[in-house]
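To keep things clear, I will list the structure first and then write my remarks on it.
The values are calculated or read from the model by the stated rules, or taken from the named source; none is laboratory data. Only a predicted model underlies this, so the values are computations on that prediction, with no experimental measurement involved. Because the Cβ atoms are built from the backbone with ideal geometry, glycine has one as well, and the counts that use them run over all protein chains shown. Accessible surface areas use protein heavy atoms only, side chains included; no ligands, DNA or RNA. Shrake-Rupley method; radii C 1.70, N 1.55, O 1.52, S 1.80 Å.
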Amino acid sequence: MSNINVIKFQDDIYGFENFLTEEECKSVLSILNEQIDLNLHQWVPISFYESFTIGYPSEGHPLFSKYNLQGNFFQDLQKKFKEKVAFVSGANIEKISNIGLHIQRWDKGSYAHYHSDNSDNDGNLGAFERSRYAAFLYLNDDFEGGELEFKDKDLVVRPKAGLLMVFHGGHKNIHKVHTITKGHRYTIGSFWDDKAYEDYPEEKRKFWEEQLKKDRAAQNEEIKEWEEVKSQGKRITPTGEIYDFIED
């Protein structure tokens with residue numbers, strides 16, 4: 001890790017510049033690309049338009065030493081994410097629990113509409129209620145578009161390689177990702193809660209499970225629709241218009 005520069009955008013929105021060095025970011029991207037050639041993992045679509053996720057090699061895999069990273073790089077990274085979430089949330093670090101960590105690729109034409117990470121846009125909590133805090137690390141900045149914008153806050157963040165953004169991801173910080181107009185945007189994202197899963201009533205946990213099944217089914221149907229448009233050499237704008245797509 002390098003010397004980190006802390007930026008306080010608002011009380012619950014922080015940036016940590018130089019969270020990773022430029023060399024570390026490049027090493028991670030090299031590992032992601034090479035593991036595809038080794039058939040370790042493949043990019044698969046997720047719920048944001050033209051966005052994909054991929055796994056990472058198991059702890060101690062030779063790819064880490066090949067690109068000058070420790071074999072427990074991702075495990076250590078998750079711990080450091082947790083420290084920053086505790087700092088931003090003000091919660092005891094022992095109470096902070098990880099909901100998930102994923103690597104994400106945003107292709108040209110991708111975007112994310114205004115959304116809350118743990119509720120709908122009216123503030124109604126559902127399957128993702130525990131995703132109270134978000135921590136997103138940018139691995140590159142050689143693309144156009146892809147800014148992170150917070151609704152009604154006059155705050156737009158331009159991605160920078162090595163920058164970690166940590167913020168309360170709920171309804172009070174509704175945010176979106178601007179359309180990528182050139183290149184690919186790579187991030188490592190994670191979601192966090194300041195309570196343990198067991199702290200919630202069993203009835204609520206069962207509700208989450210049922211709601212998650214419905215949400216995933218709806219997302220899969222939407223992805224199928226996107227793939228149909230894509231198979232025709234077209235893409236969809238954030239406002240729903242279909243257009244002819246031109247590769248970079």
Enumeration of residues in region 116-130 that are open to solvent by 30 Å² or more (accessible area, probe 1.4 Å) and in a strand (DSSP E or B): Leu125
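Across region 178-210, what is the total count of residues that are in a loop (DSSP other than H, G, I, E, B) and surrounded by 13 or more Cβ atoms within 10 Å (Cβ to Cβ)?
As a first pass, look at region 178-210 and keep what is in a loop (DSSP other than H, G, I, E, B): 178-179, 183-184, 194-196, 200-201.
Those still in the list that are surrounded by 13 or more Cβ atoms within 10 Å (Cβ to Cβ) too: 178-179, 183-184, 194-195, 200.
Count: 7.
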Going by the structure shown, is Lys84 open to solvent by less than 50 Å² (accessible area, probe 1.4 Å), of a type in the set (Lys, Arg) and in a helix (DSSP H, G or I)? yes
Restricting the first residue to region 145-161 and requiring it to be closer than 21 Å to Lys26 by Cα, which pairs with a second residue that is of a type in the set (A, V, I, L, M) and surrounded by fewer than 18 Cβ atoms within 10 Å (Cβ to Cβ) meet a Cβ separation below 7 Å and a spacing of at least six or different chains? Glu147/Val156
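For region 1-71, give me every one of the strands (runs of 3 or more DSSP E) that falls completely inside it and has 3 or more residues that are surrounded by 15 or more Cβ atoms within 10 Å (Cβ to Cβ) and touching a residue at least 24 places away in the same chain (Cβ under 8 Å).
Numbers: elements: 5-10, 13-17, 49-54.
Those strands (runs of 3 or more DSSP E) span 13-17, 49-54.
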Qualifying positions in region 165-194 - in contact with a Gly (Cβ under 7 Å, 6 or more places away or on another chain) and closer than 15 Å to Val28 by Cβ: Arg185, Ser190
Could you say whether any residue in region 211-234 is open to solvent by 80 Å² or more (accessible area, probe 1.4 Å), under 30 Å from Glu83 (Cβ atoms) and of a type in the set (D, E, K, R)? no
Scan Arg158, Arg105 and give me the residue that is open to solvent by 10 Å² or more (accessible area, probe 1.4 Å), closer than 17 Å to Lys8 by Cα and either over 15 Å from the mean Cα position of the chain (by Cα) or not aromatic (Phe, Trp, Tyr) (or both). Arg158
